[in-house]
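Working notes for the structure below.
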Amino acid sequence: MNEARFEFGDNWKRYAAHIDETKINESIRGLSTLISPDTIRGCTFLDIGSGSGLHSLAAYRIGAKSIISFDYDANSAECTQAVREKEGSPPNWTVLRGSVLDPEFMSTLSRADIVYSWGVLHHTGQMWEAIRQASRQCAGPGSILCIGIYNRKPVISKLIKGIKFTYVKSPKPVKSIIKWLYWATTILYRLARRKPIVEDIRSYHTKRGMDYWRDLEDWVGGYPFECATAAEIVSFVLPLGFDLIKINPAQSYAGVSEYVFRANAQFRS
Ligand SMILES: C[S@@+](CC[C@H](N)C(=O)[O-])C[C@H]1O[C@@H](n2cnc3c(N)ncnc32)[C@H](O)[C@@H]1O
């Protein structure tokens, strides 16, 4: 794996302490806008790069038949495990530590009706290979592949990559300076565009149950970082044996776009 890495798990551990029913309901709502609850109910669900575990929990609450969640980061996997335990350790929900880029680990996993990987594959250091490996975990024709990938935009995406790389390479005090400079820039940008600030921070949990301050760390530090345009993602995934069902374009300029694909008769795992 790439040497310069953001400690996602540390961030998720701080977030997990604040998971409440409001955030869980927002996560259920977010997942349901991508994949209908009727499709999720009774299916096998694989959450690649589960992070906090909140979205695996959403799949569980909606009624997935079985859930496998895994993450490369030990703290993220621990965090997902803690969320599972808080839910009463359901026997049909398994949490593992592993990498989507590790073929040996991936071969131990059962194939799934829904493969979900939101905001993960672009942080692996080998995004295209990670997308290919994730797609292979689909059980067969009719299975769903749902991925969230950073949208590539001219100039700004390169700048974001540079900021994230500098952040992960810097000592703690410099990290703080970068974080607050970054934050101030986003606030000035919003002020210049006359966009609400306080209200947006307060209502941030409506974005999949996430937390503004934890996501701030993730935006500024989430490295490795890659990104792609919608056209690039679609033209890569369709030949793997999928039809495009839906694209939810990124809500912010170079944010995460969501893609839902369904495996067709050409799909080979
Ligand atoms: C931005 S977080 C997204 C977490 C979660 N999917 C969500 O939507 O909240 C990215 C996660 O991907 C995990 N990750 C990075 N590289 C990975 C890999 N090679 N295999 C599995 N997980 C990985 C990170 O540890 C981190 O928890």
Lone unmet requirement of (1) out of contact with any His (no Cβ under 6 Å at 6 or more places or on another chain); (2) in contact (Cβ under 8 Å) with a residue 60 or more places away in the chain; (3) farther than 22 Å from Cys138 by Cα for Gln81: (2)
Where a residue in the stretch 143-154 is within 8 Å of Ala228 (Cβ to Cβ) and its partner, wherever it lies, is among the charged types (D, E, K, R) and at pLDDT 95 or above, with Cβ under 7 Å and at least six apart: none
Residue that is surrounded by the fewest Cβ atoms within 10 Å (Cβ to Cβ) [pool: residues in the stretch 116-142 that are touching a residue at least 40 places away in the same chain (Cβ under 8 Å) and of a type in the set (A, V, I, L, M)]: Ala139
Residues (away from the ligand (no atom under 16 Å from the Cβ) and outside any strand (DSSP E or B)) located in the stretch 122-139: Ala139
Residue within the stretch 37-53 that is of a type in the set (A, V, I, L, M), surrounded by fewer than 24 Cβ atoms within 10 Å (Cβ to Cβ), farther than 24 Å from Ile163 by Cα and touching a residue at least 24 places away in the same chain (Cβ under 8 Å) present: no
Members of the stretch 28-78 that are charged (D, E, K, R) and under 16 Å from the mean Cα position of the chain (by Cα): Arg29, Asp47, Asp71, Asp73
Number of positions in the stretch 15-37 that are within 13 Å of the ligand (Cβ to nearest atom) and modelled with pLDDT under 90: 2
Pair list, Cβ < 8 Å and 6+ apart or interchain, from the stretch 228-255 residues that are free of Cβ contacts under 8 Å to residues at least 24 places away in the same chain to residues that are among the small types (Gly, Ala, Ser) and outside any helix (DSSP H, G or I): Ile247/Ser257
Neighbours by Cβ (under 7 Å, 6+ apart or cross-chain): first from the stretch 210-226, modelled with pLDDT under 90; second among the aromatic types (Phe, Trp, Tyr) and within 10 Å of the ligand (Cβ to nearest atom): Asp211/Tyr15; Arg214/Tyr15
Failed criterion for Ala64 (all others in (1) away from the ligand (no atom under 13 Å from the Cβ); (2) surrounded by 15 or more Cβ atoms within 10 Å (Cβ to Cβ); (3) over 28 Å from Pro249 (Cβ atoms); (4) not hydroxyl-bearing (Ser, Thr, Tyr) hold): (3)
Residue among Tyr223, Tyr212 that alone is touching a His at 6+ places or on another chain (Cβ under 8 Å) and farther than 23 Å from Gly140 by Cβ: Tyr223
Ser117 being assigned to a strand (DSSP E or B) and of a type outside the set (A, V, I, L, M, F, W, C): yes
Among the candidates Gly119, Gly142, residue that is closer than 27 Å to Lys246 by Cα and more than 14 Å from the ligand (Cβ to nearest atom): Gly142
Residues within the stretch 100-115 that are surrounded by fewer than 20 Cβ atoms within 10 Å (Cβ to Cβ) and not aromatic (Phe, Trp, Tyr), tallied: 10
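Residue-wise test of (1) away from the ligand (no atom under 16 Å from the Cβ); (2) within 23 Å of Ser252 (Cα to Cα); (3) out of contact with any helix residue (DSSP H, G or I) (no Cβ under 6 Å at 6 or more places or on another chain).
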{"site": "Gly53", "(1), (2), (3)": "no, no, no"}
{"site": "Tyr60", "(1), (2), (3)": "no, no, yes"}
{"site": "Ile68", "(1), (2), (3)": "no, no, yes"}
{"site": "Gln81", "(1), (2), (3)": "no, no, yes"}
{"site": "Asn151", "(1), (2), (3)": "no, yes, yes"}
{"site": "Val155", "(1), (2), (3)": "yes, yes, yes"}
Out of Arg111, Arg97, sole residue that is of a type in the set (Lys, Arg) and either within 8 Å of the ligand (Cβ to nearest atom) or more than 17 Å from the chain's Cα centre (by Cα) (or both): Arg111
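The values are calculated or read from the model by the stated rules, or taken from the named source; none is laboratory data. Quick caveat, the model's predicted, so the values are computed rather than measured. Virtual Cβ from ideal backbone geometry, glycine too; neighbours counted across all protein chains shown.
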